[in-house]
Amino acid sequence: MQTAKRFFSLEGIDGSGKSTQIDMLISALEAEGFSVVRLREPGGAKISERIRELLLDPAFKGIMSDDTELLLYNAARAQVIKEIIRPALEAGKVVIADRFAWSTYAYQGYGRNLGAKKVQSLTEITCDGCFPELTVVLDLTVEASRARTAKRGAAPDRLEQEKADFFERVRQGYLAAAREFPDCVSAIDANRTPEEVFADLYTLVKARL
């Protein structure tokens with residue numbers, strides 16, 4: 001997979017602390033003088049956000065096919081790459097994504113059992129050389145994930161309503177990516193304090209800047 005310099009993404013199942021770590025990472029990088037663009041996936045661009053609404057709407061649970069889901073994620077990604085990511089990277093900015101293509105690898109390739117090769121083939125077409133040079137997976141057990149997300153009190157979206165075995169497959173998909181693609185994917189233990197997790201995250205990111 002062809003990667004793009006200064007493009008980073010954070011991955012992990014819900015509750016792994018991605019938002020907290022991204023907040024800390026952006027603050028640290030901006031303090032060093034970097035210009036940072038933050039986005040979430042699916043989303044980031046107006047069209048991509050509309051697709052996000054479709055993907056996460058609980059009304060479509062049991063209706064949306066797995067292939068439709070796969071294609072919609074990639075459609076949202078193609079739009080945000082063209083509209084936001086490429087221009088930001090060309091301007092010399094750092095781009096940090098809350099989820100990106102490895103989410104599809106884990107959630108659709110493993111969680112939905114669509115297969116890693118099928119997902120990778122579509123990802124290569126969609127990203128067309130604009131793939132994060134480093135993805136950090138915040139690894140958390142499904143039990144810990146559910147304990148953390150239960151404290152939020154918000155109604156679960158379509159994907160959050162899946163059963164524990166689905167999320168275990170997703171977690172294993174992330175760990176498989178870290179094993180098979182060590183040049184661009186690293187997994188770190190998220191079952192620690194935010195400060196401990198950030199120390200490892202920042203070391204990994206700074207080594208690429």
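Before moving on, here are some points about what is shown:
- Residues in segment 40-52 that are out of contact with any helix residue (DSSP H, G or I) (no Cβ under 6 Å at 6 or more places or on another chain) and surrounded by 13 or more Cβ atoms within 10 Å (Cβ to Cβ): ARG40, GLU41, GLU49, ARG50, ARG52.
- MET24 being within 25 Å of ALA144 (Cβ to Cβ), open to solvent by 10 Å² or more (accessible area, probe 1.4 Å) and in contact with a Phe, Trp or Tyr (Cβ under 8 Å, 6 or more places away or on another chain): yes
- Unique match (being closer than 21 Å to VAL36 by Cβ, in contact (Cβ under 8 Å) with a residue 12 or more places away in the chain and not hydroxyl-bearing (Ser, Thr, Tyr)) among ALA116, ALA101, ALA176, ALA144: ALA101
- Note on segment 161-181: residues that are open to solvent by 70 Å² or more (accessible area, probe 1.4 Å) and under 10 Å from GLY111 (Cβ atoms) amount to 3.
- When residues of segment 61-90 are limited to those that are among the hydrophobic types (A, V, I, L, M, F, W, C) and open to solvent by 70 Å² or more (accessible area, probe 1.4 Å), the one nearest to ALA154 (Cα to Cα): ILE63
The values are calculated or read from the model by the stated rules, or taken from the named source; none is laboratory data. Since the structure is predicted, the reported quantities are computational estimates derived from the model, not experimental observations. Neighbour counts run over all protein chains shown; Cβ positions are idealised from the backbone, glycine included. Ligands, DNA and RNA are stripped out before the accessible areas are found, and what is left, the full protein with its side chains, is counted by its heavy atoms. Shrake-Rupley method; radii C 1.70, N 1.55, O 1.52, S 1.80 Å.
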